[in-house]
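Enquirer: Dropping a structure here in structure tokens format, bear with me for questions.
The values are calculated or read from the model by the stated rules, or taken from the named source; none is laboratory data. Computed from a predicted structure; not experimentally measured. Quick reminder, even Gly has a Cβ in these numbers, built from the backbone with ideal geometry, and neighbours come from all protein chains shown. Note: accessible area is taken over every heavy atom of the protein model, side chains too, but ligands, DNA and RNA are not part of it. Shrake-Rupley method; radii C 1.70, N 1.55, O 1.52, S 1.80 Å.
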Amino acid sequence: MGKIAKSRGVSYFIESLWYNNATFSMVLGICSALAITTNLLNALVMGISVTVVLIISSTVISLLRSIIPERVRIITFMLLISTFVIMVDFILKIYLPPVSKALGPYVGLIITNCILMGRAEAFAIKQPPYYSIMDSLGSGIGYTLSIMVLAAVRELLGAGSLFGVQVLGESWAGWGLLMIPSGAFFVLGFYIMLANMIQKRFINRNVD
Amino acid sequence: MKVTKEKKGMKEELQMSVFLLVMATLCTLLLAFGNSLYQKALAEREKELRMDILRTFQVPFTEETFFSDFNNAVEIEKDKRTTYYFSRGESRQVAIITAGSGLWSEIDIFLVVDIGAMEIQELRVLSHGETPGLGGRIEEDWFLDQFIDLDISDGVKIVMERTNVPGEVDAISGATRTSNAVMIMLNKALDGVASMSQ
């Protein structure tokens, strides 16, 4: 894997998607990951929202990086991120009202999702737009996939369905524990363990 | 030497302020645009709901004269978190939109009541944010269908086990508090109907 020549953009993408996976490796953005992963549809919409906001804010911050005064950069990040998040919130309210209601305050709370501020401060402010887009795409897709696998387990065992379609039969008694946030902690812990094992055992990685 | 340093600091601060001012203005404009779109969508949704109400009251209407048709056929009463749409026609019906607090979220319910027979003719959960798989099951048909043609002269009772008293429906197991919230909302709305229609 390491031998294959990769362009820099692609390697940034893979870095954020897998090695620095926001949820499983860095344990960032956990609040929303625990709260909204009760079913796959909510997780998918949340993941897409975060990815979209992440890409737009990273691109804008990266484009403006030479004119953002250093001392007010955090305020600028907050301003830009919150504007884009509220726009996404409006779009969800207009086109997907039931999902918007189910996500409740968590769409607004994307503003405080550490992944966004983290990528802005650690990456977008220093790198040109193309690399920033690849990096945020990786982080966003990584976040989306992580919450999707969490939601898949919780919805399948908790309600016996996937994307609202009953797959385990009507007689499946849902595991109520998995439907409440504390159940999400168990699933998340299990996945973090799994991700660590895979990273340690199967990938001999040259740390640069 | 000191003066130039101060001047430089002043200039930098001015630049920062101008930068933030411009950014904040741009963001505000963007948000104002988003909000206007949202308000338009809300008005559209309200109109669709009102069309639904006219359809259940079996009042003919046309797209162009919708506002006067609606005002001629329906009398609106408001009471805190509940809106009553009384039919002015022969059929003594009332459509109700009511909001109440569930376990986690606000639940919005739409129902149509036949005042003469004191029966619920239609019941829909417009929106909610209850636990999926538990309280979230209030939007499922098996739960809502229990209310149709139910004798509600003494209100609705959502119970664990039915005892053949009129007005009883089965609660959702594992979602006692959401079930109770729905019961309280419905009874408040029905009390309102009883007191207003006299």
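Enquirer: I need the full set of residues from region B:1-60 which are touching a residue at least 60 places away in the same chain (Cβ under 8 Å) and out of contact with any Asp or Glu (no Cβ under 9 Å at 6 or more places or on another chain), in order please.
Expert: Within region B:1-60, B:LEU49 is the sole residue that qualifies.
Enquirer: Quick one: A:SER146 ticks every box in (1) at pLDDT 80 or above; (2) within 14 Å of chain B (Cβ to nearest Cβ) except a single one, so which number is it?
Expert: All conditions pass for A:SER146, except number (2).
Enquirer: Which condition from (1) in contact (Cβ under 8 Å) with a residue 40 or more places away in the chain; (2) buried (at least 19 other Cβ atoms within 10 Å of the Cβ); (3) under 23 Å from B:GLU46 (Cα atoms) is the one that B:LEU123 breaks?
Expert: (1)
Enquirer: Which of the residues spanning region B:137-190 are open to solvent by less than 70 Å² (accessible area, probe 1.4 Å), within 14 Å of chain A (Cβ to nearest Cβ) and touching a residue at least 40 places away in the same chain (Cβ under 8 Å)?
Expert: Selection gives B:ILE138, B:GLY174, B:ALA175, B:THR178.
Yes/no per residue for (1) open to solvent by 60 Å² or more (accessible area, probe 1.4 Å); (2) within 24 Å of the chain's Cα centre (by Cα):
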{"residue": "B:LYS11", "(1), (2)": "yes, no"}
{"residue": "B:MET16", "(1), (2)": "no, no"}
{"residue": "B:THR25", "(1), (2)": "yes, no"}
{"residue": "B:LYS47", "(1), (2)": "no, yes"}
{"residue": "B:ARG55", "(1), (2)": "yes, yes"}
{"residue": "B:PRO60", "(1), (2)": "yes, no"}
{"residue": "B:PHE70", "(1), (2)": "no, yes"}
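Enquirer: Tell me, which strands (runs of 3 or more DSSP E) wholly within region B:77-174 include 2 or more residues that are among the hydroxyl-bearing types (Ser, Thr, Tyr)?
Expert: Of the strands (runs of 3 or more DSSP E) lying wholly inside region B:77-174, those with at least 2 residues that are among the hydroxyl-bearing types (Ser, Thr, Tyr) span B:82-87, B:93-101.
Enquirer: If I go through region A:57-78 residue by residue, how many of them are open to solvent by 10 Å² or more (accessible area, probe 1.4 Å) and either over 19 Å from B:VAL18 (Cα atoms) or in a helix (DSSP H, G or I) (or both)?
Expert: 10
Enquirer: What about A:LEU54, is it assigned to a helix (DSSP H, G or I), modelled with pLDDT of 80 or more, aliphatic (A, V, I, L, M) and open to solvent by 50 Å² or more (accessible area, probe 1.4 Å)?
Expert: Judged against the criteria, A:LEU54 is not a match.
Enquirer: While we're on this one: Do we find a residue being open to solvent by 20 Å² or more (accessible area, probe 1.4 Å) and touching an Asp or Glu at 6+ places or on another chain (Cβ under 6 Å) anywhere in region B:108-116?
Expert: No, every residue in region B:108-116 fails to be open to solvent by 20 Å² or more (accessible area, probe 1.4 Å) and touching an Asp or Glu at 6+ places or on another chain (Cβ under 6 Å).
Enquirer: How about region A:50-77: which of its residues are more than 14 Å from chain B (Cβ to nearest Cβ) and hydroxyl-bearing (Ser, Thr, Tyr)?
Expert: A:THR51, A:SER58, A:THR59, A:SER62
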